[in-house]
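Let me begin by presenting the structure, written as structure tokens, before commenting on it.
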Amino acid sequence: MTAPRPALSIVVPCYNEAPCLAELHRRLSTAATAVVGTSHEIVLINDGSRDGSWAVMQRLCAADPHLAAIDLSRNHGHQLALTAGLDLCRGERILIIDADLQDPPELLSEMMAVMDGEAADVVYAVRRKRAGETLFKKATAAVFYRALSRLTDTDIPIDTGDFRLMSRRALDALLSLPEQARFIRGMVAWIGFRQVPFPYDRAERLAGESHYPLSKMIRFALDAVTGFSTAPLRLASHVALWLLAVSFLLLIYIAIGFFSGSAVQGWTSLMLIVVVLGAVQMFVLGMIGEYLGRLYIEAKRRPLYIVSDIAGPLSNQARLGH
Ligand code: UDP
Ligand code: MG
């Protein structure tokens, strides 16, 4: 017989967050207890941290029967760490939150009220302000979310992170999507059901630095675009049509030059055309490569993550994320 589900699970991916964990646990426990009493579980996922986060988690787990911690075999990345936690959590409702306390846990009670009041399956938090983040991060995020919504057919909400409250049926729908390259905020938008925005102000990181350097941001953005749109694959045909039009004009220009006896000379224009065409072709090939590479990774059907250890109440669960 399976144990009854707790009313609420809080799932937190953590990478090198040791200085935040004690405060995180305290604030999450207080917020959860205020809303659902003891019927909650907090699931921390240690995504291959190198700063002793796992030892801190084990210590916290020993003192709190509502806290479970999952230790992944290595750093699998934010979205896969989150997937591990979502796979293993058991709650009727699920709150996803970052470990650095940029998303205030105290909003939980309001989000629960919105979910009840609006009979929603997903209450997603929309960032009104972002304190303590660099201009570069804010600018790239603003451009990225707007470009993404133009490229995709799925209505992925703008300026929304993974901070959200979900019902069990929404989570089960999400977990039925098998892809390796996971862009969870987009996948949640894709599953449908009633989803309601919840505006909030994002706080500063409690300690440490962002674990999303430019390289990870680019990868994340490419996962989002390739996962939700095939528009870049059609880019080649669009560009080709434009180039065809331009080449017609050029043809007329050359013909006029030829018949009027002043044949066009020009190393510069020739070079320019060669270089521009070369760049366009390489770019299009690169885009095709991005899709092909992802197809290859999907075809291998590897597990999404590997769990090395579990502390606390979830310890009899499966350890491979398929
Ligand atoms: N994170 C993770 N694995 C990674 C990178 C980040 O689990 O490889 C976690 C991190 O601990 C945090 C969340 O993902 O809880 C968001 O990361 P971060 O705060 O660094 O990103 P930002 O808020 O700057 O976008
Ligand atoms: Mg953060």
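The values are calculated or read from the model by the stated rules, or taken from the named source; none is laboratory data. All of these numbers come straight from a predicted model, not from anything done at the bench. So basically every Cβ, Gly included, is an ideal-geometry build from the backbone, and we count neighbours across all protein chains shown.
Can you work out which of the residues in the range 58-89 that are in contact with an Asp or Glu (Cβ under 8 Å, 6 or more places away or on another chain) and part of a loop (DSSP other than H, G, I, E, B) is nearest to ligand 2 (Cβ to nearest atom)? Among them, the one singled out is GLY77. When SER49 is tested against (1) in a helix (DSSP H, G or I); (2) free of Cβ contacts under 8 Å to residues at least 60 places away in the same chain, only condition (1) is not met. Scanning the range 78-119 for residues being more than 23 Å from GLY132 (Cβ to Cβ), out of contact with any strand residue (DSSP E or B) (no Cβ under 9 Å at 6 or more places or on another chain) and either near ligand 1 (Cβ under 9 Å from one of its atoms) or of a type in the set (A, V, I, L, M) (or both) gives a total of 2.
Given ASP223, ASP309, which one is in contact (Cβ under 8 Å) with a residue 24 or more places away in the chain, of a type in the set (D, E, K, R) and touching a strand residue (DSSP E or B) at 6+ places or on another chain (Cβ under 8 Å)?
Going through ASP223, ASP309 in turn, the sole match is ASP309.
You will find that of LEU101, LEU151, LEU82, LEU107, the residue that is modelled with pLDDT of 90 or more, surrounded by fewer than 21 Cβ atoms within 10 Å (Cβ to Cβ), among the hydrophobic types (A, V, I, L, M, F, W, C) and more than 22 Å from ALA3 (Cβ to Cβ) is LEU107 and no other. None of ALA62, ALA119, ALA69, ALA113 is more than 23 Å from the chain's Cα centre (by Cα) and within 14 Å of PRO313 (Cα to Cα) except ALA62. The numbered conditions (1) in a helix (DSSP H, G or I); (2) modelled with pLDDT under 85 are all true for VAL264 except (1). Of all residues in the range 26-70, those being buried (at least 22 other Cβ atoms within 10 Å of the Cβ), in contact with a helix residue (DSSP H, G or I) (Cβ under 6 Å, 6 or more places away or on another chain) and not hydrophobic (A, V, I, L, M, F, W, C) number 4.
As a summary of the residue check, PRO197 satisfies the conditions (1) in a helix (DSSP H, G or I); (2) within 23 Å of LEU86 (Cα to Cα); (3) away from ligand 2 (no atom under 16 Å from the Cβ); (4) of a type outside the set (Lys, Arg) except for the one numbered (1). Scanning the range 1-32 for residues being within 13 Å of ligand 2 (Cβ to nearest atom) and part of a loop (DSSP other than H, G, I, E, B) gives a total of 3. Among the residues of the range 130-139, none qualifies, meaning not one is aromatic (Phe, Trp, Tyr) and more than 16 Å from ligand 2 (Cβ to nearest atom).
In the range 226-246 there is at least one residue that is outside any helix (DSSP H, G or I) and surrounded by 11 or more Cβ atoms within 10 Å (Cβ to Cβ).
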